[in-house]
Each structure stands twice: as C-alpha cells, then as structure tokens.
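Here the structure is laid out as structure tokens; the discussion comes afterwards.
The values are calculated or read from the model by the stated rules, or taken from the named source; none is laboratory data. For clarity, every value in this text was computed on a predicted model and none was experimentally measured. Glycine gets a Cβ as well: all are built from the backbone with ideal geometry, and neighbour counts include every protein chain shown.
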Amino acid sequence: MSTGEPAHKLNYDTRWEYSPAPESADHARIDEQYGLFIGGKFVAPKSGEYFNTINPATEKVLSRVAAANADDVNNAVKVARGAYENVWSKMRPAERGKYIFRIARIIQERSREFAIIESLDGGKPIREARDIDVPLAAAHFFYHAGWADKLDYAFPCRSPSPVGVVGQIIPWNFPLLMAAWKIAPALACGNTVVLKPAETTSLTALKLAEVIRDADLPKGVVNIVTGDGSTGSALVQHNDINKIAFTGSTDVGRLIQHSLAGTGKKYTLELGGKAANIIFADAPIDQAVEGIINAIFFNQGHVCCAGSRLLVQESVADQVVTKLKERMQTLIIGDPLDKNTDIGAINSAAQLERINSYLELGQNEGAEMFQCTTKTPDFGFWCPPTLFTQVAQSHSIVREEVFGPVLAIQTFRTVDEAISKANNTQYGLSGGVWTDKGSKIFNVGKNIRAGVIWANTFNKFDPTSPFGGYKESGVGREGGLHGLSAYLNLD
Amino acid sequence: MGRSAQERLLKSPLPDYITRVDQVGVEERVARLCSRSIKKSSKIQALKLILSQIDLTTLEGQDTPGKVGQLCQKAMRLHGAWPDIPHVAAVCVYPMMVTVAKKALGESGINVASVATAFPSGMAPMHIKLDEIKMAVGEGADEIDMVISRGNFLQGEYRAVFDEIAMCKEACGNAHLKVILETGELGALDRVRHASTLAMHAGADFIKTSTGKIQPAATLPVTLVMLQAIRDYFYETGRMVGMKPAGGISKAKLAIQYLVMLRETLGDAWLCPDWFRFGASSLANDVLMQIQKQHTGIYQSEDYFSKD
C-alpha cells in the first residue's frame, strides 16, 4: 500500500462554518454531593469519604461522590439479601415486570437530562448520548420487563429460578447503558442487585437510582455503591453474593475470575476486544468508509467492540485510505454538548495517557501515523482521530487494545488471508465484513471467532441480540435469551 | 460528428469497475448529516448561499412571454426591501422562451438555462434533440439541461447513452451542459451511481437529478450518491463537475440539509453557484421568509413575498 498523497485533494476547511449549537445544560440537575443508594435511599458512606467527579472536556468538578468501603458494600449486600428473601423473589413475576416497565418509561421521560449528564460526566458527544445511549438504555428495560412473567416460556421445562443477590461492576464508556444492560435482566429474573459504577462516571447511575426510587421499586432491590477498584474488589469477594457480572478490561476480568475460582459463584465477564473490520474490493466503498469511521471513532473509540483493526483488500487500499483521511478532516471535534460535535473528550487523564503511550509506541515500532489536523480545545482531555499505516501483525497497536480513537490499517490479498489475520488475536468480541456478495458474508462471518459479526454495518446494538466474547474477550453472553439465562438457575 | 466527440468515443468510456452502493448505508449517512444543527450566522450565510444557487424555473405548457418576463424580474430582485441579498444563478425555461428571458435579464449576470432534447421524456430522434440544443444556444442560452434516454440506459445500452451525451455536449458549444439522469425512473442507487459516472465521462458539466415531472424527484440519498460519484471522478481526473438536485425542494430547511451534505462530501470549492444549483420554483420565497425571521424573530405572512 502506498501512502502517497492523492493527486487531487478536496478542501474541507470551508468558508461556511457551523455556528456553535450547544445543548443547554440548565435542564440537568446535579447535586453537589451524592451518598450511596442503599435500601431505597441515599445514605452517607460509613467510610466518610467522597471523591470528585469531573467533566473531562473542561476538567471542572461536577459533583462529589461517596467512596464505599468494605463495610458499605457489606451493608448493601445485606440489604439486597433481605429484599431478595422477603420481597422480590416472592413477588408475582407480572408485578416485577410492572416495575421494570415503569423504570423504562421514566428514563424516556427524563431522557434529555440523562443525555446531558452522560455527556458532561463522560465526555461523549451529546448526539451519541441522546440518540444511542439513553434510548438503548430504555429499550433494555422495556425488553426485559416483557420477559419477567414469561421465563417459563423462554426456557420451557427447565424450571427457571433466580440466582439471588448479584454484584455488578460496570465500565465508564457507556455508564447508563451498561447499568441498564446489567440491572434490567437481573430484575426481570427475580434477583436483587448491588451495582458499582465506574469511578469516573458515577452520575448517571446515581440519577438512575433516583428513577428507581421514584418508580417505587421495593427498597433494597437495587443498591448502588460508588467507589474505585477497592469497592469493586470488596463486592467480588463478598461471601453472600451469588453471581458477579463484570464489564471492563481483560486484566481486571482475569483478577475477578481468579478470585471467584472455587467459590461456586456464577459469573459473566465482558472484556476487551481488538476487532477486525474487513473491507473487500467489491464492498460499497463510500458506505464502508463511513462504517470504518463509525467502527473506530464512535464514542472516541472507548468501545470494547470497536473496529480497531482495519483489514482492506489491496486493490482498493489506496482508495479507501485516501477517502478515510479526507473523511476524518470533516469530523467535528470539541465541546461534547454541541449538537454538531462528532468526537468528544477522552474520558480521563489516565486514559489519555494510555492512548498517548500507544501513539508513541506505534511510531517507535515503525508504523506511519496520520492524525486529523483539527485543533482541539485547550482544557480537558483530547486525542485527535488517528490512523496508522505500514503496520504488521506483530505491532503492539495491532495486538493490544488501545481503547481510544486509534485505527491500525493492514491489507490482505485473499479471503483466507483476511480470516487468518482477523483471527490472529487474543481477543474475539466482534468483527465486521463489507462486501456486495452475500456468500462472502456467510463464509467470513462463519469463520471469524468472535461473538458479533456485523455485515455492511458496524456497532449496531439491540437488547434482543446476545453480546459477548470468545477467548480473552469474555465469558458468557448478555442480551437476548442467552443473557437472560445468565441470571437464572436452570434445571 | 465533430472531432472531440469522436476522440471521446475512441477511448474507453468508463472505469473498469463502478463501486457498489449500499442503500441502508446511504440512508444512515443522510440521517446523520440531517442531524446537523445550523443556527444563527451560519444559517443566514446558508440562506443567502441558497438564493444565489437557485435556478428559478418555469416549465409549463401554459408558459407565456409575460409569465417568463415576470419570473425574470423576480430573479433579479428577489425582495424589494433588501437590495443586499444575492440574485439567483439562472432562470430555467423551455427553448421557446429563451429569447424572452435573455432580453428580460439583460446584463444582470443571471444566466439563461434552457431544457432541451425533448424534455422531459427525451423521446425524439437524435437529430431533433441536437437541433433543439443548437436552437436554444443560438437564441442565447448559457446553459442546456438535457435528459438522458432512460430506455436505453435501463436496457443496458450504455454506449448509446454515452454517445448521446457526448454529441449533446458538442452541440452545446460554449454553453454548459447539465445532464438530467431522471433518477426517479432509474429505480436503484447502483444505477444512479452508474449513470452519474457515465455522464461525467461523456462530458457533462453538471449532473442533475430530475426533470421535476416525475415522482420521486430529487431526494437526499440520490443526491449523496451523485455527490460521491462527482468526488470519485474528481479524484480520478481532477475535473470538477457540478451538481443540481431539482424538483421537490421547496423549503429552506431541506435546502440547508442539501448544503450540509455538499459541504461534508465535496468541501469548500463546490459551495458556490458555479458548482451547485437548486432547480426550484417556490424555494426562493421560503428562503426569503426564513431570512426575514432571522432578522426580526417573527414569520411574515406569505402575502408579503411576491409570487411569480
């Protein structure tokens, strides 16, 4: 693949600039300080400690959040156990469904506030929070509410029963959506919950606690304990937990699996990924370029199933890379609350440091780096969309998960070579294939060892569809019937 | 047939492979572009740009010299109270009305565009189509809007369509040639892409969606596919080709969405009347109404804007 400049270039630095179109944040109420949500109300942490949560686009403090210690976690689990034994597991399933429907509807009613806070606390563009995160979160509650009284039909002759108290630990990339993804099936199946949000993005989970309170969900059925890794660790190691559901890094997932070994606790782990997005020469090229953009730059690349490895057939490689670079110049980077923003802020200083170390590593290992030349704001954490060419299978940026807006581009000649390169990774969460030929879609889709394969699209999610990984991308599935079964004991 | 048309016929008319189009992907991209929020000064700038890109059109059997004359007055003076707003790019009429329009527009700088080639069906022998073009150009038309023979195209007679366009281009002389694909009759975005590429290689100065006589006329997805074809042709040859969506664009909001699409597909060079036009009859008044709203904060009744 040559990396020469195209003979004829387009100019996207236009005379006609879009004026700022910021979403007003007046609508969103954020308290100065949040306690832990235990037993249906916010309580002060026994630890007595709080930590700041900031807006990564401005570095300004948004609120103070309680840091739960082992005592707090113990308290939450105890309350959850009581609610499980006395109320939730005994309730008629149709009644449980009613509460879950109610939560879904309140999320819809407050969707604007949720979208604004999600954008403020996490740095993601308001467009994504508004059009993807929040509607999908509501959809997960709606979908699972419907299952609550139909579990016998979902798993006929297998006597489904709840597992008990579940501990759930979620990441910072889709804070509300991951909370919904975890809580909704747990409740539908009759379990009670202790959920720990990510340290940098607790706010929408705490707003969800308000929704749960306002929905009159019986006290203690859902408890939310905020804190850092030590809070999560206390939850994992608690003796009275029946199941752990974790979404996050492979490193932490490995630790959790290690500490759960031999305890008899159930677990599901949804971990990292390094998805191959395969573009064949007969693909609809302009739509594929758009698909590559969505695959890697959606949510600043903070997506476990991001299409971070591009495999492009050599006869169209130059064309695709040229178009990709020009398309990248039209991405609007900046204020996440601006309705026209395509690329928001990196979630935290620590994550930015990690991404930057990979940018350096990529160049040191001999790859060629291209970045959008768009200016980024002076404050906050920013990484311009980046791609690497001249990379090999052995490069760190091809093998390791960067979890940022960084794409590694390789070429291939044959279908077999594409499949072989796609599979040559420790991960197996997702993949993409772009071609006009249906038979090729089935062939490639069948042979890539990953949980989700998208054809002529990327990063599409639906509560009815199971999601999860092969190899080091995780254990178990979430969503759909598979996800439901993970919250049940079945004969 | 002249020399340059023969030269065109000698070389291979089309690239070896014309990329496929995925309709779902196109619609998704269109939806994304339509979610852009255009406010305040960027909106006013867009509204003025739209006015300057309009081909003010009347193509009716009942057109009269008087009616065309009125339209030309409107073209030159869109709104009596605002002298600083731009005039439209062209007035688009039937060949019979070119003389009237040319005289009315005088030295205003507004072009006269004439449809030709048995518009809108294209169902006429080639020599008659060419005579019609020559007649319109002879009367002073600056731009010719021709229609392709959809029958030939849909039957796979691509060479015939290519030759037809090349001959029309030759007949135009110095006048610019806009090639109407009549996308509402092509039936699939793959064919829109193919016809666009074919027309550009045959010598089109502009490619245009529709006659306005067939539904659907211009749509955002069809226009995006044509813009992407223009982009690929530019990458390949370095020659800029203009784009004209026509028919069904009567609201300023929709026109702004077209501009957003143009800006983010082809960039700065195309954001002017030389390279992008709206074929429309009632769009101008809605744009004027929006400009008024931006200045005063209130909408005026449509009775405050002249209908010609």
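Observations, loosely collected:
- Test: A:D462 is away from every other protein chain (no Cβ under 14 Å) and either in a loop (DSSP other than H, G, I, E, B) or farther than 23 Å from A:D318 by Cβ (or both): yes
- Unmet criterion (only one of (1) under 29 Å from A:W16 (Cβ atoms); (2) away from chain A (no Cβ under 12 Å); (3) of a type outside the set (G, A, S); (4) outside any strand (DSSP E or B)) for B:L177: (4)
- Just so you know, in the stretch B:17-32 the residues that are facing chain A (nearest Cβ under 10 Å), of a type outside the set (D, E, K, R) and assigned to a helix (DSSP H, G or I) include one that is nearest to A:N340 (Cα to Cα), and it is B:A31.
- Residues located in the stretch A:200-233, provided they are small (G, A, S) and either in a helix (DSSP H, G or I) or over 17 Å from A:V79 (Cα atoms) (or both): A:S202, A:A205, A:A209, A:A215, A:G227, A:G229, A:S230, A:G232, A:S233
Per-residue answers, yes or no, for (1) on the phi < 0 side of the Ramachandran plot; (2) at pLDDT below 95; (3) charged (D, E, K, R); (4) not assigned by TED's automatic domain parsing to the domain that holds A:V163:
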position: A:G404; (1), (2), (3), (4): yes, no, no, yes
position: A:T411; (1), (2), (3), (4): yes, no, no, yes
position: A:T414; (1), (2), (3), (4): yes, no, no, yes
position: A:E417; (1), (2), (3), (4): yes, no, yes, yes
position: A:S420; (1), (2), (3), (4): yes, no, no, yes
position: A:S430; (1), (2), (3), (4): yes, no, no, yes
position: A:G438; (1), (2), (3), (4): yes, no, no, yes
position: A:R449; (1), (2), (3), (4): yes, no, yes, yes
position: A:G483; (1), (2), (3), (4): yes, no, no, no
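- Of the residues making up the stretch A:417-435, none is acidic (D, E) and out of contact with any strand residue (DSSP E or B) (no Cβ under 9 Å at 6 or more places or on another chain).
- Complete set of residues in the stretch A:243-265 that are more than 23 Å from the chain's Cα centre (by Cα), part of a loop (DSSP other than H, G, I, E, B) and either surrounded by fewer than 19 Cβ atoms within 10 Å (Cβ to Cβ) or modelled with pLDDT under 95 (or both): A:A261, A:G262, A:T263, A:G264
- Candidates B:L130, B:L71: the one that is under 16 Å from B:M146 (Cβ atoms), outside any loop (DSSP other than H, G, I, E, B) and more than 14 Å from every other protein chain (Cβ to nearest Cβ) is B:L130.
- Scanning the stretch A:383-401 for residues that are surrounded by fewer than 22 Cβ atoms within 10 Å (Cβ to Cβ) and within 17 Å of A:N299 (Cβ to Cβ) returns a single hit, A:P384.
- Among the residues making up the stretch A:162-178, those that are farther than 22 Å from A:D251 by Cβ and part of a strand (DSSP E or B) are A:P162, A:V165, A:V166.
- For A:S315: the one exception among (1) within 12 Å of chain B (Cβ to nearest Cβ); (2) under 25 Å from B:E27 (Cα atoms); (3) polar (S, T, N, Q): (2)
- Residue check, B:R191 touching a Phe, Trp or Tyr at 6+ places or on another chain (Cβ under 8 Å) and at pLDDT 95 or above: yes
- Options B:I110, B:I54, B:I44, B:I50; residue that is within 14 Å of chain A (Cβ to nearest Cβ) and surrounded by 17 or more Cβ atoms within 10 Å (Cβ to Cβ): B:I50
- For the stretch A:72-88, the count of residues that are farther than 18 Å from A:V166 by Cβ and part of a helix (DSSP H, G or I) is zero.
- Test: residue in the stretch A:260-273 that is without any contact (Cβ under 8 Å) to a residue 40 or more places away in the chain and in the same structural domain as A:Y427 (by TED's automatic domain parsing): no
- Hits in the stretch B:235-261 (condition: closer than 20 Å to B:L56 by Cα and hydrophobic (A, V, I, L, M, F, W, C)): B:M243, B:A246, B:I249, B:A252, B:L254, B:A255, B:I256, B:L259
- Residue in the stretch A:35-54 that is at pLDDT below 95, more than 30 Å from A:Q319 (Cβ to Cβ), away from chain B (no Cβ under 14 Å) and in contact with a Lys or Arg (Cβ under 9 Å, 6 or more places away or on another chain) present: no
- Checked against the criterion of being surrounded by 18 or more Cβ atoms within 10 Å (Cβ to Cβ) and within 14 Å of chain B (Cβ to nearest Cβ), the stretch A:59-67 contains not a single residue that satisfies it.
- Scanning the stretch A:48-65 for residues that are free of Cβ contacts under 8 Å to residues at least 60 places away in the same chain and out of contact with any strand residue (DSSP E or B) (no Cβ under 7 Å at 6 or more places or on another chain), we see that the one that is nearest to A:G334 (Cα to Cα) is A:E49.
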